[in-house]
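What follows is a set of notes on a single structure, which appears directly below.
Derivation of every value follows stated rules applied to the coordinates shown; laboratory data play no part. All figures in this text were calculated on a predicted structure; none of them were measured in a lab. Cβ atoms come from the backbone with ideal geometry, glycine included; neighbour counts cover every protein chain shown.
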Amino acid sequence: MLLRIDQSSTTPLFDQLASSIRGAAITGGVKPGERLPAARDLAESLEVNVHTVLRAYQLLRDEGLVELRRGRGAVVTDRAERYSQLSAAIDTVVVEARALGIAPDTVTALLREALK
């Protein structure tokens, strides 16, 4: 799994990291039951503070995408498979929206309204 962050981005580093892990879950880069790198190791490889990694892991835990286990670290849950299914459904919506000439902002507004 290749994780990237952009130090010059205005998006907080923990959000970038969480988003990158989410993307890996959606594309199958990480599978349910798979352990994510130890926070210290990942922080060192990305040259960020360990608390940045821990905050990203906690955010993903709150979403149900990872489970934090003492002694085992962060483990991807089966929710990753559901993210993949949702991604496929969204792809269908995008194809339909393009065919109908609906702007991305309109599609986003429709999704927000449907999720209320």
- Note on the structure: Stretched fully, the stretch from T11 through D41 gains (0.36 nm per residue minus C-alpha distance, one decimal, in nm) 8.6 nm
- Query: Measuring from label point to label point, each 7 Å out along Cα→Cβ, what is the L68 to T108 span in nm?
  - Reply: 3.0 nm
- In degrees, nearest 10, the alpha-carbon axis of helix 104-115 is tilted away from the dominant principal axis of the alpha carbons of the chain by 80 degrees
- Task: Subtracting the Cα-Cα distance from 0.36 nm times the residue separation, let me have the gained length for M1 to D78 in nm, one decimal.
- Result: 26.0 nm
- When the helix-only estimate is applied to the chain (DSSP H runs of n ≥ 4, each -39,500 (n - 2.57), divided by the residue count), what is the mean residue ellipticity at 222 nm, nearest 500 deg cm²/dmol? -20000 deg cm²/dmol
- Item | Amide H contacts under 5 Å for V66, placed H, 5+ residues apart | R61, T77
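May I ask you to list the GluC sites (Glu not before Pro) in the range 1-91 that are in a DSSP loop and have at most 10 other Cβ atoms within 10 Å of their Cβ?
Within the range 1-91, the qualifying GluC sites (Glu not before Pro) (loop, at most 10 other Cβ atoms within 10 Å) are E47.
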- Task: Any chance you could give the angle, 0 to 90 degrees and rounded to 10, that helix 50-63 forms with the longest Cα principal axis of the chain?
- Result: 50 degrees
